[in-house]
Each structure stands twice: as C-alpha cells, then as structure tokens.
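Chemist: Right, I'll just put the structure down here and ask away after.
The values are calculated or read from the model by the stated rules, or taken from the named source; none is laboratory data. Please read these numbers as outputs of a predicted model, since none were measured by experiment. Cβ placement follows ideal geometry from the backbone for every residue including glycine, while neighbour counts extend to all protein chains displayed. Heads up: the accessible areas ignore ligands, DNA and RNA and are worked out on the full protein's heavy atoms, side chains in. Shrake-Rupley method; radii C 1.70, N 1.55, O 1.52, S 1.80 Å.
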Amino acid sequence: MAPRTRTTSAVRQAEEYDLVELLRLRTLLLDDLGGDCFNPAADEGSWLDALAVVLRRQLRAGDVRILVVDGEGDRNADGGLAAWGIGRIEHRLPGPHLRNGRVGHVIGVITDPAHRRRGHGRAIMRGLLDWFREHEVARVDLYASAEGEPLYRDLGFRDLPDPALYWRP
C-alpha cells in the first residue's frame with residue numbers, strides 16, 4: 001500500500017465551468033454506491049442531461065452549496081476536480097426538536113479515486129458544516145457509504161433514531 005499523502009485542500013465554491021467535472025464525479029459516486037436503488041437497470045444515462053440542468057440552477061441557488069477541490073498539484077495534473085460535495089437546506093415544519101424548521105442535507109461528497117486519502121472529503125465536509133452553521137440549521141442529515149461512514153462519525157454524525165426508508169413509484 002502506498003503511503004498516505006496529505007495535501008492542503010483549497011476548498012472553493014463551484015462555478016459553471018466545473019459542470020462537466022461535477023457530472024463525472026457524480027457518476028463515480030453513484031457507481032460506488034451501486035445497487036438497484038442508485039443504478040436502476042432501465043436507465044441508459046438520460047439522467048445526466050437532467051442532472052446538468054439541475055446543477056446549473058443549483059450553482060446559483062441560495063439554499064444549495066456546492067464545494068470543490070481542484071485536482072491541480074495532486075497526483076494527476078489533469079486540471080479536473082479532485083473532489084466535490086453538495087449540501088442543501090430544507091425548510092420543514094418547526095417543532096420541539098426542530099425549532100426553526102431548517103434541516104441541512106449533505107446530498108453527496110465524492111473524491112476522485114486518484115485523489116483519495118488526502119483530506120479533500122474532510123475539508124469539503126467542514127466547509128459544508130460551516131455553511132450550515134451560518135444558516136442556523138437545526139440538524140444535518142446524510143446517507144453514508146461504508147467507505148465514508150468513519151469520516152462522518154469522526155465529524156460528529158450519529159445514527160438517527162428512526163430507520164431510513166425509501167419508496168419509488
């Protein structure tokens with residue numbers, strides 16, 4: 001196994017010129033998660049066009065934050081992104097457990113395999129958590145891959161009391 005190399009992860013907000021790389025890394029994330037839930041057999045990639053439209057809109061949305069780390073200076077000097085993460089603030093009904101109704105959701109964090117184990121995911125998560133704090137969210141939710149779970153637990157995430165379920169019409 002190659003020794004772990006740490007770099008300083010310069011996190012920045014994504015721009016429209018990052019769109020192709022955002023799509024590439026999102027595809028990697030879903031491939032990593034696998035299974036019928038994330039990769040239904042019937043889809044042949046038309047979702048990428050829809051994703052491009054949504055990401056372009058979300059780059060300008062006030063309730064979404066997309067953070068990236070450039071790949072330059074890392075092992076591959078291809079000019080692509082090393083990593084990215086996306087967070088969203090949802091407004092739900094306030095209650096005793098959710099006084100202001102604001103819930104953060106980390107939609108995904110992905111690091112290109114050539115750039116892993118350098119702290120990029122942690123740096124992006126810290127940037128997203130700072131953004132959630134600035135917007136006074138009451139709670140932040142995420143779904144963790146087995147590979148990412150130790151990082152999230154190290155950052156203070158814990159199990160929800162209720163099981164996470166999904167339904168597909």
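Chemist: Does Arg133 count as assigned to a helix (DSSP H, G or I) and over 25 Å from Leu81 (Cα atoms)? Lay out the reasoning, then the answer.
Modeler: Numbers: assigned to a helix (DSSP H, G or I): yes; over 25 Å from Leu81 (Cα atoms): yes.
Yes.
Chemist: Considering only residues that are among the aromatic types (Phe, Trp, Tyr) and surrounded by 10 or more Cβ atoms within 10 Å (Cβ to Cβ), look in the stretch 111-169 and name the one that is modelled with the lowest pLDDT.
Modeler: If we filter the stretch 111-169 for residues that are among the aromatic types (Phe, Trp, Tyr), which is where we start, we get 131-132, 143, 152, 157, 166-167.
When the remaining residues are screened for being surrounded by 10 or more Cβ atoms within 10 Å (Cβ to Cβ), the result is 131-132, 143, 152, 157.
Values: Trp131: 98, Phe132: 97, Tyr143: 89, Tyr152: 96, Phe157: 96.
Only one residue tops the list, namely Tyr143.
Chemist: Could I ask something else about it? In the stretch 129-148, which residues are touching a Gly at 6+ places or on another chain (Cβ under 9 Å), within 17 Å of Arg26 (Cα to Cα) and touching a residue at least 24 places away in the same chain (Cβ under 8 Å)?
Modeler: If the condition is that a residue be touching a Gly at 6+ places or on another chain (Cβ under 9 Å), within 17 Å of Arg26 (Cα to Cα) and touching a residue at least 24 places away in the same chain (Cβ under 8 Å), then Leu142, Gly148 are the ones that fit.
Chemist: Please go through the stretch 114-128 and give me each residue that is assigned to a loop (DSSP other than H, G, I, E, B) and closer than 21 Å to Asp31 by Cβ, ordered by number.
Modeler: In the first step, residues of the stretch 114-128 are kept if they are assigned to a loop (DSSP other than H, G, I, E, B); the result is 116-119.
Within the stretch 114-128, Arg116, Arg117, Arg118 qualify.
Chemist: Has the stretch 149-156 got any residue that is closer than 27 Å to Gly79 by Cβ, of a type outside the set (S, T, N, Q), in contact (Cβ under 8 Å) with a residue 40 or more places away in the chain and in a helix (DSSP H, G or I)? Walk me through it before giving the result.
Modeler: Of the stretch 149-156, the ones closer than 27 Å to Gly79 by Cβ are 151.
Filter once more, so that each one left must be of a type outside the set (S, T, N, Q): 151.
With in contact (Cβ under 8 Å) with a residue 40 or more places away in the chain added as a condition, the list becomes none.
Within the stretch 149-156, not a single residue is closer than 27 Å to Gly79 by Cβ, of a type outside the set (S, T, N, Q), in contact (Cβ under 8 Å) with a residue 40 or more places away in the chain and in a helix (DSSP H, G or I).
Chemist: Can you name the condition, by its number, that Asn100 falls short on among (1) open to solvent by 10 Å² or more (accessible area, probe 1.4 Å); (2) under 16 Å from Leu23 (Cα atoms); (3) in contact (Cβ under 8 Å) with a residue 12 or more places away in the chain?
Modeler: (2)
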